[in-house]
Structures are given as C-alpha cells and as structure tokens.
Amino acid sequence: MTTENSIGAAVIGSGPAGVAAARALLAQQIPVTMIDTGNTIPADAVRLRDELAATLPAQWDREKLAITNRTSLRERDGVPLKTVFGSEYPYHFHPDVQDDGAVILGSHARGGLSNAWGASILPLSERDLRDWPLRAADLAPHYAAVLQWLPHAQSADDLATDYPLHSDHEQPLEPSPQARELIADVSAARDLLSEHGINFGRSRLAVSQCHYCGQCLHGCPYDFIYNSNSTLDELLSTPGFTYISNTEITALTEHSDYVALQTAGGELLHTDRVYLGTGVLHTAMLMMPLLDMHELTIKDSAYGLVPFLRKRLSRGIRNEQLFTLPQLYTEVDVPDVSSRNVHLQWYGYNVFYRDELRKKLGPLDALLPEAVANQVV
C-alpha cells in the first residue's frame, strides 16, 4: 500500500538485531526506514571517553577513572548494573514494569543495549534450541552472514563441535597471565572433564582489536567493542536508508495490505512490512494486543556471579595489561546437574569484581590479603 505516510519496510530499533535486519534488506535493494527512540550518550560521558582515548592508560587521571568505574546503585540479581563512562543511559526503566524477583531491562538508546553489553557472541547450540521451532542448521547461514561484517575475535577449540565458528577469521585476543594459567590447568584435565560432559574453550567476542587497558566493563575509550551505533553510522550513508529518531512506536495494527504504526506523539505511519528489534519488553507490548493476549510469562536466561579463588598466586595482576571481557567459556552438559546446557564465562581479575568483593565482605575485607583477593576469577 502506498499512502502519504507510507514508509516501505520499517525496522523498529537500532540495536544489533535492528541494524542486521536493515543491512539484509538493503542488500536486497529494499528501502528501509528505521524508527528509533535514539537516546544518545550524555555530553559529560562523551568528554570523559574522549579524554581517556586521547592519552595512554598510564597517564589517565585517577579521579576521572574513578568516575568511569562508578557502578550503578541499581542492582540486577544482587550485582550492580554496569555503567558506561559512569552513565546509565543505555538502560530504560519502564515505570509500568513490575519485576519483583527478576530484572528485565530495556533500552531507548541509539544502539540499544550494545552500548553496555559484554560482547559475547557464542552461537546457540542444538541443545539450546530444544524448545524452539528452529534448528541450529537453520540459523547457521545467518550467523555466517552477520560475521562477514561484525568484527570478532575467536579461535577453533573443543567448543567448535557444538558451537561452530561460522567464520574463517581466527584472531583471539591475548589472554591474561591468570587466564593462561587457567587454560593450562584445564588443558591438563581435558580428557577427564570431557568424559564428564564439561568442555572449555576461548571466549568469542565482538571486538575489532584491543589496547588491553582493562576498562572493558566500564566502557572502551577506543570503541573497539562492537556497538551497533557504528553500523547505523554506515547505514546513514547507504542509498535507500532513512533514520527517524526521537520516535517511539506504541502500537501496531495489521491490515490486509499494510501495517499501521502508532507513535507516542500521535502520528500514524503505514508500512508494507515491519521488523521488530525492540527487545523482549517492548516487543511483548506491541505484539500482545495483536494476538489478543492479556498475560505473558517471559522466560529468562537466569545468571549468577560466582567468585572462584585460585590456589596459585598470580603476581602483579592489578598492574597488568589485559582485557576484562570473558576470557574463557565452559559448557556443562551434565543431566544430573541440569536438563539444560549450563554456560559459564571466566573473566579473571577486574576492578568491578574487586570492588564488589570489598562491598560484600565489609569490615572483613581488611583481613583479606590483597594478593589473595586479586586471585578471584
């Protein structure tokens, strides 16, 4: 249908799903209009990021670094939310969402939650998709297509059987000394662990390169961690692409030959087709009325933070050059433990963990030797 307010194919949201859909449509010569709330990083956070990026880590101002490393007062499962250069701007806390006993976050930011994510890109396995209408083989060509343009660091290892690489690019980040010691330990017990359904491998991360400054969990000053803002910037110069920001879609209405989009400002837009890249909460809000649903149980991939203390001391960890995204993965396929696959990520030392350990221990932290506290992984 073509009307004055018709916008062809509409993609709602600018997170990784949204920009990936837009790229795929444009590759087929289908014009795309992306509609987005599009909140941007605050000016003070931009200044802080740029000041850090302009100097070497050894020259960083400690006061400014303390602002960058500031955690949120809000918690998810007892763990403070990560901030980005001290800002909570990636998160949207919907006033109508009651999440007692669980925390489900949305985003109104340009780039969505990729502004604050952990960059892990391990694909779903056949076991992960047990209750889904799709199989891993159905997703394989699409993983490969995305990895043609998504920067990534990975390597072939024991996880590749169940979690294929989907790319010939093998260039993992350099593991920290602490991670290398852990790799050596689990490699020595590889066969025994595998017999019991436990397999280890290197992390797979959406990063282009690394200066090993240790700031991954608080915001990369160099923009090496993938953020869909970068893809959106590329799309803005692509013929056939239109970006509408500061616009929230509040309702969809399906008609025989078009979909009507209602904006929060009262405007009505028509589109031939619509692709939702809006996250679980906003997607549910838009789709439930269409499906005449009044109640919905959302399934969450629950996670927890468990500190492990290594017996062997690693010297000088606090001053080492390292990245603080996940260093290793462990996949546990043990029916007696869980009917589902259990995914573990090993991070190694970082300021975030050390600060949380200090908070949890309270006065007892003074009794814990710093050399021991730094062994937490």
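Odds and ends about this structure:
- Of all the listed residues (GLU181, GLU126), the sole one being touching a helix residue (DSSP H, G or I) at 6+ places or on another chain (Cβ under 7 Å), within 28 Å of VAL334 (Cα to Cα) and of a type in the set (D, E, K, R) is GLU126.
- Considering the conditions (1) touching a Phe, Trp or Tyr at 6+ places or on another chain (Cβ under 9 Å); (2) within 30 Å of ILE12 (Cα to Cα); (3) of a type outside the set (Val, Ile, Thr); (4) modelled with pLDDT of 95 or more, SER237 is excluded by exactly one of them, (1).
- Total residues in the stretch 60-71 satisfying the condition of being touching a Phe, Trp or Tyr at 6+ places or on another chain (Cβ under 9 Å), part of a helix (DSSP H, G or I) and within 19 Å of HIS211 (Cβ to Cβ): the figure is 1.
- Selection status of ALA116, loosely packed, with under 13 Cβ neighbours inside 10 Å, within 30 Å of GLY279 (Cα to Cα) and of a type in the set (A, V, I, L, M, F, W, C): no
- Among the criteria (1) in contact (Cβ under 8 Å) with a residue 24 or more places away in the chain; (2) surrounded by 17 or more Cβ atoms within 10 Å (Cβ to Cβ); (3) touching a helix residue (DSSP H, G or I) at 6+ places or on another chain (Cβ under 8 Å); (4) of a type in the set (A, V, I, L, M, F, W, C), the one LEU261 does not fulfil is (3).
- When residues in the stretch 316-350 are screened for being assigned to a helix (DSSP H, G or I) and crowded, with 18+ Cβ neighbours inside 10 Å, 1 of them pass.
- Breaking point among (1) surrounded by 14 or more Cβ atoms within 10 Å (Cβ to Cβ); (2) without any contact (Cβ under 8 Å) to a residue 12 or more places away in the chain; (3) among the basic types (Lys, Arg), for LYS299: (1)
- Among the candidates LEU165, LEU173, LEU134, residue that is among the aliphatic types (A, V, I, L, M) and farther than 17 Å from TYR329 by Cβ: LEU134
Residues are listed down the side, and each one gets a yes or a no for (1) surrounded by 19 or more Cβ atoms within 10 Å (Cβ to Cβ); (2) part of a loop (DSSP other than H, G, I, E, B); (3) modelled with pLDDT under 95; (4) at negative phi:
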residue: THR3; (1), (2), (3), (4): no, yes, yes, yes
residue: SER14; (1), (2), (3), (4): yes, yes, no, yes
residue: ALA20; (1), (2), (3), (4): yes, no, no, yes
residue: ALA24; (1), (2), (3), (4): no, no, no, yes
residue: THR33; (1), (2), (3), (4): yes, no, no, yes
residue: THR55; (1), (2), (3), (4): no, yes, yes, yes
residue: ALA58; (1), (2), (3), (4): no, no, yes, yes
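- Across the stretch 269-285, the number of residues qualifying as farther than 11 Å from ILE7 by Cα, modelled with pLDDT of 95 or more and of a type in the set (A, V, I, L, M) comes to 1.
- Selection over the stretch 183-211 of residues that are assigned to a strand (DSSP E or B) and of a type in the set (S, T, N, Q) gives a count of 1.
- Subset of the stretch 130-169 [assigned to a loop (DSSP other than H, G, I, E, B), surrounded by 15 or more Cβ atoms within 10 Å (Cβ to Cβ) and at negative phi]: LEU150, PRO151, HIS152, GLN154, SER155, ASP157, ASP162, TYR163, PRO164, LEU165, SER167
- Among residues of the stretch 338-363, those that are of a type in the set (A, V, I, L, M) and in contact (Cβ under 8 Å) with a residue 24 or more places away in the chain, counted: 2
- One residue from ARG62, ARG74, ARG47 being surrounded by fewer than 15 Cβ atoms within 10 Å (Cβ to Cβ) and at pLDDT below 85: ARG74
- Considered as a group, the residues in the stretch 183-234 that are buried (at least 19 other Cβ atoms within 10 Å of the Cβ) and of a type in the set (Phe, Trp, Tyr) include one that is farthest from LYS64 (Cα to Cα), and that residue is PHE200.
The rows are residues; the columns are (1) of a type outside the set (D, E, K, R); (2) in contact with a helix residue (DSSP H, G or I) (Cβ under 6 Å, 6 or more places away or on another chain).
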| residue | (1), (2) |
| --- | --- |
| GLU254 | no, no |
| ASP257 | no, no |
| GLU267 | no, no |
| LEU322 | yes, no |
| GLN327 | yes, yes |
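- The set of residues in the stretch 331-349 that are among the polar types (S, T, N, Q) and more than 18 Å from the chain's Cα centre (by Cα) comprises SER338, SER339, ASN341.
- Test: VAL306 is at negative phi, among the aliphatic types (A, V, I, L, M) and at pLDDT 90 or above: no
- Checklist (1) out of contact with any strand residue (DSSP E or B) (no Cβ under 7 Å at 6 or more places or on another chain); (2) part of a loop (DSSP other than H, G, I, E, B) applied to HIS94, failing item: (1)
The values are calculated or read from the model by the stated rules, or taken from the named source; none is laboratory data. Please read all numbers here as calculations on a predicted model, not as lab measurements. All Cβ positions, even for glycine, are placed from backbone atoms using ideal geometry, and neighbour counts span all protein chains on display.
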